[in-house]
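One structure follows; several queries about it will come next.
The values are calculated or read from the model by the stated rules, or taken from the named source; none is laboratory data. Because the structure is predicted, anything quoted here is derived from the model rather than measured. Don't worry about glycine lacking a Cβ; one is built from the backbone with ideal geometry, like all the others, and counts go over all protein chains shown.
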Amino acid sequence: MIDRKLSGAAPRTKVPKGTIDSQMHMYLPGFAMRADGVGAPADPLPDPAMYRQVMGWLGIDRVVITQGNAHGTDNASLLACIAQMGDCARGVAVITPDTTQAEIARLAEAGIVGARIMDLPGGAVGLDALEAVDAIAADAGWMLAVQVDGSALPDLEPRLSALKSRWVLDHHAKIFAGATPAHVDAIKRLIDGGRVWFKFAGCYESSRDGGPDYPDIAVVAREIGIHAPGRIVWGTNWPHNAARQTADYPCDAALLDLAMSWLPDDDARQLALVDNPRALYGFPPV
């Protein structure tokens with residue numbers, strides 16, 4: 001059991017109307033999870049009702065729900081969560097090279113706007129399927145969420161730069177070995193190619209320095225934020241599945257304030273919280 005903080009003092013950041021959380025997971029009871037337990041959140045199940053409290057606390061108006069690893073390639077729980085959240089929600093699903101056009105159409109009708117590549121332990125579909133999934137996503141007009149060990153980013157750059165979809169480099173690129181100028185240059189070149197967004201979310205997952213300020217993540221975030229404010233999106237990464245006990249559970253207001261402090265000004269924050277994710281995930285204007 002874990003005691004998730006769902007409310008508290010308001011963040012210092014006054015978020016604009018239409019703010020979008022572009023990275024989180026939620027769950028509903030009644031949907032089987034992987035037998036090996038990988039990706040399963042700590043009890044109690046972090047469901048839509050709990051997340052709505054977080055939305056009220058932080059000032060979030062809209063949300064992109066990402067398929068969690070616990071459900072593998074079965075998107076049923078994700079679709080049920082989107083249905084329960086209503087028009088404020090969109091989803092990023094897991095598909096494979098064998099997913100049919102009929103299934104893509106069914107997912108799109110239910111609010112899915114993207115596909116997920118997760119090339120880390122527990123991920124359902126990894127880099128071996130990157131180009132095939134990208135082709136399906138591009139044909140459907142979807143975006144692609146790509147999560148890899150960014151330590152290899154300079155080597156992966158040719159494959160990533162050839163993607164046909166609009167896509168987002170997840171979780172500050174997750175450069176587990178530590179970012180070098182070569183990594184930052186690769187990120188900038190990818191962004192400058194015109195189809196890439198960079199996601200501020202889950203800074204604690206790849207920081208070598210640790211909290212509360214995550215200075216190694218901050219250095220890269222600030223540089224990319226200055227280089228391409230029109231290509232930053234932000235997410236809570238709720239419900240912080242890496243936290244397995246209450247003492248390790250982060251404060252969402254503090255994480256929001258920290259991420260926003262890495263952007264150069266209020267105009268950049270408006271882009272990251274509203275305008276950029278609206279364009280990437282296809283939300284209507286506020």
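If you scan the range 116-150, which residues turn out to be more than 16 Å from Val233 (Cβ to Cβ), in contact with a helix residue (DSSP H, G or I) (Cβ under 7 Å, 6 or more places away or on another chain) and outside any helix (DSSP H, G or I)?
Hits for the range 116-150 are Ile117, Met118, Asp119, Gly122, Gly123, Ala124, Val125, Val148, Asp149.
Take residues that are over 23 Å from Ala259 (Cα atoms) and tell me which of the strands (runs of 3 or more DSSP E) falling wholly in the range 1-103 contain 1 or more.
Filter on the range 1-103 gives 89-93.
Answer yes or no as to whether Ala93 is touching a residue at least 24 places away in the same chain (Cβ under 8 Å) and either surrounded by 22 or more Cβ atoms within 10 Å (Cβ to Cβ) or of a type in the set (D, E, K, R) (or both).
Yes.
Oh, and also: What is the residue count in the range 185-215 for residues that are in a loop (DSSP other than H, G, I, E, B) and not aliphatic (A, V, I, L, M)?
The number of residues fulfilling the criteria is 13.
Does the range 237-253 include one or more residues that are farther than 21 Å from Glu205 by Cα and surrounded by fewer than 19 Cβ atoms within 10 Å (Cβ to Cβ)?
So far as the range 237-253 goes, no, none of its residues is farther than 21 Å from Glu205 by Cα and surrounded by fewer than 19 Cβ atoms within 10 Å (Cβ to Cβ).
Within the range 26-61, take every residue that is at positive phi and surrounded by 14 or more Cβ atoms within 10 Å (Cβ to Cβ) and give me the one that is modelled with the highest pLDDT.
Gly59
Further, regarding this structure: Return the residue satisfying two criteria in turn: it lies in the range 225-243 and is touching a strand residue (DSSP E or B) at 6+ places or on another chain (Cβ under 9 Å) and in a loop (DSSP other than H, G, I, E, B), and of such residues it is farthest from Leu190 (Cα to Cα).
Ranking the candidates gives Pro239 first.
Are any residues in the range 62-88 within 17 Å of the chain's Cα centre (by Cα) and surrounded by fewer than 18 Cβ atoms within 10 Å (Cβ to Cβ), and if so, which ones?
Cys88
Is it the case that Ile232 is at pLDDT 95 or above, buried (at least 23 other Cβ atoms within 10 Å of the Cβ) and β-branched (Val, Ile, Thr)?
Yes.
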